[in-house]
Amino acid sequence: MSAELITIGTELLLGEIVDSNAAYLASRMRDAGLDLYRTTTVGDNTGRIAAAVREALGRAEVVITTGGLGPTVDDVTREAIAEALGVSTEFRPELWRQIKERFARYGREPTENNRRQAHLPEGAVAIENPVGTAPGFRLESENSAVIALPGVPAEMKHLFETEVLPYLSSRLKLGAVIISRLVRTAGVGESWLDERIKDLEEQSNPTVGIAAHPGYVDVRLTAKARDESGAVAMLDTLEAEVLRRLDKAVYGVGEVTLEEAALEKLRRRGWSLASFESGTGGALAARLATAGDGYQGGWTLPKMEPFDTLEAGMAAAAQALDSTARLGLRLVDAGDRQQIEIRLQWPGGEAQVERSYGGATVNAPGWAASMALDFMRRRLSSDGG
């Protein structure tokens, strides 16, 4: 069962607010087994909204809109959906009574423009809104349904959970669940990963996708099945194959972060960590500070002064912070590239590596921090951790 989402509001196009409704609905539709194929954002314009609805209905069985159901002149979703489906709008006296009763509970009188909210496209079924003044509605045919929800997040969520999901489950006989899982990798690039799992990326169910971040790459596994246990079984099989192929590049599965995985290598041995970094703006310390117990803190300098070497800076930081292990990171602008020096010291051993980064300068600190964390993770793993 395919679905499309249309979020409505000129303020979204202008970047004045973040479209949290789209993220929420996408995740909830996934959980319900609906395949969301497209999300469209449209301003408060009747013609453009109508065109978006018509186009979506040509591709999907379910079209959900959010926004544009208020009382003002620019709230035109009702008229736009009516235009898209070739019907008129009609006044619903029962909705107007509900709106007036809701205002009365707050000791207020609705203004005349609130009557707009009591108009719906002909043939639409009203979705009463007990937490706001704008009712939603649905308009269905034999093979498709358009569902209009308010744009206020609290109202939208309430109506979706209490009215829309039960309707979709019964009307469209949703008989599937969709579950996703992340396999998290570091120290390798997208092309390296793609070479090893490209045949898995071509599967239709379960599916595999790659999402790159500064210094690490996520592999998303998604399975669709009739029930949760079936989807989980598919993911377990796929995950085992992905782990086999990617081996040491994988630092975790699920929501674990690279900094958590790296610091865990120390915690297993009862060690604590101090960091020293220069030229990164504190990118390494900021990430380690969120990774849980074991991080004693760090020193951050814009440049290496007054220290001549990374090792000297690390020694001073470790002495002040009283840690058993030390991680040092130095980022230096070298013209068209950034030079990265990483040094790790632990009881009974030390290791260092130099790397270069040629991407956007603004991303260099994030890349450098990820490289340092992955270096620590891998080095302590190879040392028996």
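Please give the solvent-accessible surface of residue 271 in Å², to the nearest 10, using a probe radius of 1.4 Å with every protein chain present.
Surface open to solvent at residue 271 totals about 50 Å².
On full extension of the chain, what length is gained from residue 28 through residue 131, given 0.36 nm per residue of separation minus the C-alpha to C-alpha distance?
Once the chain is fully extended between residue 28 and residue 131, it gains 35.1 nm.
Can you work out the accessible area per residue across the chain, with the rest of the protein chains kept in place, probe 1.4 Å, in square angstrom? Please report the intermediate quantities before stating the final value.
On the way: 17980 Å² over 385 residues.
Computed with neighbouring chains in place, this is 47 Å² per residue.
Over the chain, what percent of the accessible surface lies on carbon and sulfur atoms, probe 1.4 Å?
Carbon plus sulfur share of accessible area: 48 percent.
How big is the charge dipole of the chain about its Cα centre, in debye rounded to the nearest 20, if each Lys and Arg gets +1 on its Cβ and each Asp and Glu gets -1 on its Cβ?
That gives the chain a dipole magnitude of about 580 debye.
Report, in deg cm²/dmol and to the nearest 500, the calculated mean residue ellipticity at 222 nm for the chain, where each DSSP H run with n ≥ 4 adds -39500 (n - 2.57) and the sum is divided by the residue count.
My calculation for the chain gives -11000 deg cm²/dmol from helical runs alone.
Going Cα to Cα from residue 198, which aspartates and glutamates come in below 13 Å? Please leave out same-chain ones fewer than 8 positions away.
Those aspartates and glutamates meeting the cut-off are 190, 241.
Students sometimes get this wrong: rank 308, 218 by accessible area, probe 1.4 Å, all chains present, largest first.
Largest to smallest exposure gives the sequence 308, 218.
Kindly express, to the nearest 10 degrees and within the range 0 to 90, the angle between helix 190-201's C-alpha long axis and the longest C-alpha principal axis of the chain.
50 degrees
What residues from region 234-266 fall in the zone where the backbone N is under 20 Å from a label point 7 Å along the Cα-to-C-beta line of residue 203?
234-255
About its Cα centre, how strong a charge dipole does region 56-193 have in debye, to the nearest 20, once Lys and Arg get +1 and Asp and Glu get -1 at the Cβ?
In debye, rounded to 20, region 56-193 gives about 440.
Specify, per residue and in Å³, the volume enclosed by the convex hull of the alpha carbon atoms belonging to region 231-385.
Spelled out: Cα convex hull of region 231-385, divided by residues, is 129 Å³.
With every protein chain left in place and a probe of 1.4 Å, what is the accessible surface of residue 79, to the nearest 10 Å²?
The value for residue 79 is about 60 Å².
Treating only the Cβ of Lys, Arg, Asp and Glu as charged (+1, +1, -1, -1), what charge dipole size does region 320-385 show about its Cα centre? Round to the nearest 20 debye.
Roughly 120 debye for region 320-385.
If DNA, RNA and ligands are ignored and the probe is 1.4 Å, what is the ranking of 196, 102, 355 by accessible area, most exposed first?
Ranked list, largest accessible area first: 355, 196, 102.
Given all pairs of different Cα atoms, what value in angstroms does the Kirkwood hydrodynamic radius of the chain take?
Here the Kirkwood hydrodynamic radius works out to 24.6 Å.
Answer with one residue from 280, 369, 246: the one whose Cα lies farthest towards the positive end of the charge dipole of region 246-385, charges on Cβ with Lys, Arg +1 and Asp, Glu -1.
Of the options given, the answer is 246.
Among 275, 20, 88, determine the one that fluctuates most according to a GNM of the chain built with springs between C-alpha atoms less than 10 Å apart.
20
If packing is taken as the average number of other Cβ atoms within 10 Å across a peptide's residues, how do 332-345, 127-140 rank, most packed first?
So the order, starting with the most tightly packed, is 127-140, 332-345.
Quick one: length gained pulling residue 191 to residue 97 fully straight, 0.36 nm per residue minus the C-alpha distance?
27.7 nm
In whole Å, what are the Cα extents of region 313-363 along the three principal axes, biggest one first?
37, 20, 15
I need the fraction of alpha carbon pairs in region 68-188 separated by more than 17 Å, rounded to a whole percent.
In whole percent, the share of Cα-Cα pairs in region 68-188 beyond 17 Å is 62.
Evaluate the relative contact order of the chain (contact order divided by residue number), counting alpha-carbon pairs under 8 angstrom at least 6 apart; express in whole percent. List each step's numbers first, then the result.
Details: 730 pairs, mean separation 42.5, N = 385.
Relative contact order of the chain: 11 percent.
On C-alpha positions alone, give me the angle between the axis of helix 46-57 and the longest principal axis of the chain, in degrees, nearest 10.
80 degrees
Please determine, in degrees from 0 to 90 and to the nearest 10, the orientation of helix 93-105 with respect to the longest principal axis defined by the Cα atoms of the chain, where the helix direction is its Cα long axis.
60 degrees
Identify, among 216, 187, 164, the residue whose Cα sits farthest towards the positive end of the charge dipole of region 103-227, taking +1 on the Cβ of Lys and Arg and -1 on the Cβ of Asp and Glu, with the dipole about the Cα centre.
With unit charges placed on the Cβ atoms, the residue in question is 164.
The values are calculated or read from the model by the stated rules, or taken from the named source; none is laboratory data. Everything quoted here is computed from the prediction, not taken from an experiment. Here the Cβ is made from the backbone with ideal geometry for all residues, glycine too, and neighbour counts use every protein chain on show. What goes into the accessible areas is simple: the full protein's heavy atoms, side chains included, and nothing from ligands, DNA or RNA. Shrake-Rupley method; radii C 1.70, N 1.55, O 1.52, S 1.80 Å.
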